[in-house]
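Student: Following this message is one structure expressed as structure tokens.
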Amino acid sequence: KQWYQRRVRGELREHGEWTQLHEMFCEHRRSIKHMHRNALHKLVATAETDCRQQWVQLKEMREKANELLSQKEKTARIFEDLLRCRAEKLKKIKAEEKELAEYQERMNKERAELERRRAKQRKVEKEKIQVFREMKDEKEKEYQKRLEKMKEKEAARKKKTLAVGKKRVDYRHDLHEKKLEEQAAAEIQKQEEEERRKEQLDKLAATVAIDAPYDPARVLRDTEASTARMKESDYVGKFQLFRVVGYEDSAISGDMRVKVEKALRNAGLMNTDYGRHIMKNIAPPMEPRKDMVSTVFKNDNQTE
């Protein structure tokens, strides 16, 4: 502080400028160091990354080389196996060809033997067929002879049958004529009896004929019976002509079951389970006798 007091303005200005330059120099040096340090870190990181990538590439190349070597070894082994299999297969094919040749030779021998046996058998069969044909011809001749004899016997039998049949036909014709004559006689007798019966009925009707003058207007007049009924009009409606054993219309229309049945039918519920259940549970006005219990809903009770 004393140093600043002993200095003039020009020196202070120079000292201030030098201070600023020194600060700028220090700041520039710090920035350079910082940039150098950052650049060094980047360089180290880049070097490490390159080394790591080169190491990975080298490792991949080694693995590919090892894999290629192993594939070559596998290929060599497979080639050796193929050569060995080919040799074995050729050996097997030669053995099969040899066996097939022996089999064909054996089959040719068996075929020749079979042809010889078949030729011998055909010869024997031809001889048998020739003998059979000769025997068949003899039997055919014998059959023709028997057939001729049977035809002669059949012709004689037919001739005899025709004679007998003619006699039977004549006999039946006579019987038919006789039957027709009897039927005609019976018909004539029946007509005569019908005429006699008609005459008797006419005589009987004449005895009971109505003796009254001819008066067509009498048909339109009242009879004595109708006149008597009109006189007895005071008694009409007081007494029943016949005994009523059923129910009157008022009793039927007053029955609750009829009313409910009509309501259910109008609602379209009569043929449903609900309608049958309702009708089943309605009690009649009077308890029916035990012998008049309805069995209409018997199946419904069993189902429930």
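The values are calculated or read from the model by the stated rules, or taken from the named source; none is laboratory data. All of these numbers come straight from a predicted model, not from anything done at the bench. Here Cβ is always computed from backbone atoms with ideal geometry, including for glycine, and neighbour counts include all displayed protein chains. Just so you know, the surface numbers come from the protein's heavy atoms only, side chains and all, with ligands and any DNA or RNA stripped out. Shrake-Rupley method; radii C 1.70, N 1.55, O 1.52, S 1.80 Å.
Student: May I ask for the net charge around K179, where only other residues with Cβ less than 14 Å from the Cβ of K179 are counted and Lys, Arg are +1 while Asp, Glu are -1?
Tutor: Details: positive: R172, K178; negative: D174, E177, E181, E182, E187.
Computed value for this residue: -3.
Student: Another question about this same structure. Kindly give the semi-axes, whole Å and largest first, of the ellipsoid equivalent to the stretch 1-154, taking each as the square root of 5 times a Cα gyration tensor eigenvalue.
Tutor: Working: eigenvalues 3618, 160, 7 Å².
For the stretch 1-154, the semi-axes come out at 135, 28, 6 Å.
Student: Continuing with the same structure: Under a cut-off of 15 Å between alpha-carbon atoms, report the aspartates and glutamates in cross-link reach of K259, not counting same-chain residues fewer than 8 places apart.
Tutor: D249
Student: Using a Gaussian network model on the chain with a 10 Å cutoff between Cα atoms, which of A206, A65, A251 fluctuates the most?
Tutor: A251
Student: Looking at the stretch 146-218, what % of the alpha carbon pairs are farther apart than 17 Å?
Tutor: Details: 1929 of 2628 pairs.
Everything past 17 Å amounts to 73 percent.
Student: Turning to a different aspect of this structure: Go ahead and estimate [θ] at 222 nm for the chain from helices alone: -39,500 (n - 2.57) per DSSP H run with n ≥ 4, summed, over the residue count, rounded to 500.
Tutor: Details: 7 runs with 243 residues, N = 304.
Calculated mean residue ellipticity at 222 nm is -29000 deg cm²/dmol.
Student: Which of these values of log10 I(q)/I(0) by the Debye sum over Cα atoms at q = 0.12 Å⁻¹ was calculated from the structure shown: [x] -0.87; [y] -0.79; [z] -1.24?
Tutor: [z]
Student: With a 1.4 Å probe and all protein chains left in place, how much accessible area per residue does the stretch 86-148 have, in Å²? Provide the component values of the computation, followed by the final result.
Tutor: Working: 6550 Å² over 63 residues.
For the stretch 86-148, the solvent-accessible area averages 104 Å² per residue.
Student: Report, to the nearest 10°, how far helix 9-207 tilts away from the longest principal axis of the Cα atoms in the chain, using its own Cα long axis and a range of 0 to 90°.
Tutor: Rounded to the nearest ten degrees, it is 10.
Student: In the neighborhood of E127, defined by Cβ-to-Cβ distances under 13 Å, what is the net charge if each Lys or Arg adds +1 and each Asp or Glu adds -1?
Tutor: Working: positive: K120, R122, K123, K126, K128, R133; negative: E125, E134.
The answer is +4.
Student: Would you mind telling me which residue in F25, F132, F79 has the biggest mean-square fluctuation in a Gaussian network model of the chain, where springs connect alpha carbons within a distance under 10 angstrom?
Tutor: F25
Student: May I pose another question? To the nearest 10 square angstrom, what accessible area does E287 show with a 1.4 Å probe?
Tutor: 150 Å²
Student: While we're on this one: In a shell of Cβ-Cβ distance under 14 Å around R196, excluding R196 itself, what net charge do Lys and Arg (+1) and Asp and Glu (-1) give? Mind showing how you got there, number by number?
Tutor: Numbers: positive: K190, R197, K198, K203; negative: E192, E193, E194, E195, E199, D202.
So the surrounding residues net to -2.
Student: Using Cα springs under 10 Å in a Gaussian network model of the chain, which residue among R77, R13, R117 shows the largest mean-square fluctuation?
Tutor: Maximum among the listed residues: R13.
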